[in-house]
Amino acid sequence: MRKNKSFIANIILFLLIYANHSYSQQPLITHIFAADPSAHVWPGDTNKLWLYTSHDVPGTNHHATMSDYHVFSTSDMKNWIDYGQVLSIDNVDWGISYAWACDACYRHGKYYLIFCMFEKASGLMRTGLAVSDVPQGPFTNIGYIKGIDLGQDPALFIDDDNTPYLYWGAGGKCYAAELTDDLKSIIPSTMIDLSDQLFELFEGPWVHKYQGKYYLSYPGLPDKKWPEEMYYAIAGKALGPYKYAGKYIPRFKMQSGTNHGSIIKFKNNWIAFYHSAWLSEGMSEVRNLMADYMYYNADGTIKTINPDAAGISNANPDQHCIIFLEAENGRAAGGRLEGTVVETSLGGYSGKGYVTGFVRRNYVEVLVQVAKDMKAVLKIRIAADQDFAADILVGAKMMAGWDGLKIKKTKGWEEINLGEVQLKEGDNKIRFTSHDNADLKIDYFIIEPVYK
Ligand code: FUB
């Protein structure tokens, strides 16, 4: 009898662990609420996949709170890097609110973030452009694309002959047009309304090419009822006409009211990225990234993806994501350089340079954004020619007492582990001040969430 009881207890324990395991591993990235993933593999580095995403604010009940964008990369779909805030509404002079879905493109040696926000002057949803020399940003706003009035959910597709096309739309509308070479305007004569060609269309177009055909995928509302499902249509030309071809992600447990995603080939696998409310246990406005391998039938149609089944994250249960923040990015990434300066004379740094000039109380501050209260390991890469003490403020808490945290001198550049810190849900500022080492050089910060 006793033996029987412990057998049943073991089975219950196994079921609990198993249920929890498969349930909690499905989101791709678990330390931050992110949505609307646009996936890219850039020319010259087919080993890396990049995700450009919008960002949901914890505890929110409306997408109106969205105000910035994040970039993630991976080379194995298991180990991810979050590059922090790469563009905020605070750095977009014409924008006022609703930093919604974005996309990115590589053109003429630069990387562009194509995003949407309401414009202050007109109250219209505009499609913004921001530029960076590197795929991970941060991005600098360069204005909005001319010729578009309802610019929500932009997706930029560059065809094999290098022609840039923009697709956008929401509320049951989808438009497309060829862009000028500098991406700053649509070519009005090419603009087309695709809405009637896309069955149950609601928003969020995305175009990819498969076997010479153009696939336009989009979130739709079946019978005009929420939540959204993912559909697609196929055309022989980028601007259509498109013919509806089916639904590839139906409704699923723990989804958000919205869905929105992208489709890309990476290392010979087709992958569908999208979002859900899995991590927030069904809170529709705080969403997380999802991904599943995607397969085609022989006739070119897409096999249905069922997000309840083992997705890419389930296949990689030991996946994790670190947050990597270049010290020199300052306000462009939500941080701050107060009195400190960016230099480049000592080689071997990553990014655009390193931060130095820690005289008096000068400091460098970085922004860390997370979905929930969590512990994380804080690392920095520094070059220090003498032992020194540092004040490291994490949110409102100092890491050490009045004497500061003692840090040893290094042999050139070294990545050092400063130990565990406590992050709170939402925005966390980490401020670093050196007491007595003006010549200290800081290259970057790494924040490794403790996944337990
Ligand atoms: O993320 C905000 C909005 O929700 C997007 O712009 C839509 O596509 C929907 O996902």
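The values are calculated or read from the model by the stated rules, or taken from the named source; none is laboratory data. Since we're looking at a predicted model, the values are computed, not measured. Virtual Cβ from ideal backbone geometry, glycine too; neighbours counted across all protein chains shown. Accessible surface areas use protein heavy atoms only, side chains included; no ligands, DNA or RNA. Shrake-Rupley method; radii C 1.70, N 1.55, O 1.52, S 1.80 Å.
Mind checking the per residue accessible area of segment 7-318 for me, 1.4 Å probe, whole number of Å²? Display every interim value, and only then the final one.
On the way: 12360 Å² over 312 residues.
Counting only protein heavy atoms, the per-residue value for segment 7-318 is 40 Å².
Surface composition of segment 325-449: carbon and sulfur make up 49 percent of the accessible area, probe 1.4 Å.
Charge dipole (Cα centre; +1 on Lys/Arg Cβ, -1 on Asp/Glu Cβ; no other charges) of segment 211-326 amounts to roughly 520 debye. For segment 29-44, 3J(HN,Hα) computed residue by residue from phi via the Karplus equation (6.51, -1.76, 1.60; θ = phi - 60°) reads 10, 10, 8, 9, 8, 9, 8, 6, x, 10, 9, 9, 10, 8, x, x Hz, glycine and proline entered as x. Cross-link reach is defined here as a Cα-Cα straight distance under 18 Å, omitting same-chain residues fewer than 8 places apart; for K78 the lysines meeting it are K48, K265, K267, K452. Separation of segment 163-184 from segment 366-394 is 42 Å, based on Cα centroids.
Of the beta bridges in segment 325-449, as assigned by DSSP with both residues counted there, near 100 percent are antiparallel. Think of the chain as having a plus end and a minus end, set by charges on the Cβ of Lys, Arg, Asp and Glu; of N269, H62, S345, N269 sits farthest toward the positive end of this dipole. Tell me the relative contact order for segment 325-449 as a rounded percent, counting alpha carbon contacts under 8 Å between residues six or more apart. Across segment 325-449, relative contact order equals 37 percent. Inter-label distance, N162 to K406: 6.0 nm, where each label sits 7 Å from its Cα along the C-beta direction.
Ligands, DNA and RNA are left out, and with a 1.4 angstrom probe the accessible area of segment 325-449 is 46 Å² per residue.
Please state the relative contact order of the chain as a whole percent: Cα pairs under 8 Å, 6+ residues apart?
Numbers: 1229 pairs, mean separation 61.7, N = 452.
For the chain, the relative contact order is 14 percent.
Gap in Å between the Cα centre of segment 80-98 and the Cα centre of segment 321-357? Here the answer is 18 Å between Cα centres. Antiparallel beta bridges, as assigned by DSSP with both residues in the chain, represent about 95 percent of the total such bridges.
With runs of 4+ DSSP H residues as the only contributors, calculate the mean residue ellipticity of the chain at 222 nm using -39,500 (n - 2.57) per run, divided by the residue total and rounded to the nearest 500. If you can, show how the numbers build up before the last one.
On the way: 2 runs with 28 residues, N = 452.
Theoretical 222 nm ellipticity from helices: -2000 deg cm²/dmol.
Looking at segment 358-449, which trypsin sites (Lys or Arg not before Pro) are in a loop (DSSP not H, G, I, E or B) and have at most 16 other Cβ atoms within 10 Å? Mind showing how you got there, number by number?
Working: sites: R360, R361, K372, K375, K379, R381, K397, K406, K408, K409, K411, K424, K429, R431, K441; in loops: R360, R361, K372, K408, K409, K411, K424.
Loop-located and lightly packed - R360, R361, K408, K409, K411, K424.
Looking at segment 7-318, what % of the alpha carbon pairs are farther apart than 29 Å? Mind showing how you got there, number by number?
Details: 15156 of 48516 pairs.
When all Cα pairs of segment 7-318 are counted, 31 percent exceed 29 Å.
Please state the equivalent ellipsoid semi-axes for segment 325-449: what are the square roots of 5 times the Cα gyration tensor eigenvalues, largest first, in whole Å?
Details: eigenvalues 90, 52, 36 Å².
They are 21, 16, 13 Å, listed largest first.
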